[in-house]
Amino acid sequence: MKAIVDESTCIGCGLCEQTCPAVFVLVGQVDKVRVDPVPEDEWDRCCEAAASCPVEAITVEE
């Protein structure tokens with residue numbers, strides 16, 4: 001699984017990092033993906049972070 005943050009859409013709220021800190025990290029004013037590929041044990045939290053993004057800046061690909 002791969003997570004992608006659209007940095008032009010991201011508002012840097014940090015919600016994804018709070019939901020799945022093993023995968024997402026806030027750098028400056030935008031969130032970024034910390035690991036690629038997403039570890040299997042983080043898939044559920046990663047998908048939850050993507051679904052909860054208020055501006056839909058995160059996509060997940062299998």
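Any read-out appearing in this document is the output of simple, stated calculations on the displayed coordinates, not a laboratory observation. Keep in mind that this is a model prediction, so the values were computed, not measured. Methodologically, a virtual Cβ is constructed for each residue, glycine included, from the backbone with ideal geometry; neighbour enumeration extends over all protein chains shown.
Here are some notes:
- Simple point charges give the picture: +1 on the Cβ of Lys and Arg, -1 on the Cβ of Asp and Glu, and for the chain a dipole about the Cα centre of about 240 debye.
- Taking Cα atoms only, the orientation of helix 43-52 departs from the longest principal axis of the chain by about 30 degrees.
- Extension gain (nm, one decimal) between K32 and K2, 0.36 nm per residue minus Cα-Cα: 9.6 nm
- Normalised contact order of the chain, rounded percent, pairs of Cα under 8 Å and 6 or more residues apart: 45 percent
- Kirkwood analysis of region 2-61, using all unique Cα-Cα pairs, places the hydrodynamic radius at 10.9 Å.
- Computed [θ] at 222 nm, deg cm²/dmol, the chain (DSSP H ≥ 4; -39,500 (n - 2.57); rounded to nearest 500): -6500 deg cm²/dmol
- Coupling constants for region 25-41 follow from the phi torsions by the Karplus curve (6.51 cos²θ - 1.76 cosθ + 1.60, θ = phi - 60°), and in residue order they are 9, 7, 10, x, 9, 9, 8, 9, 7, 7, 9, 8, x, 6, x, 3, 6 Hz; glycine and proline get x.
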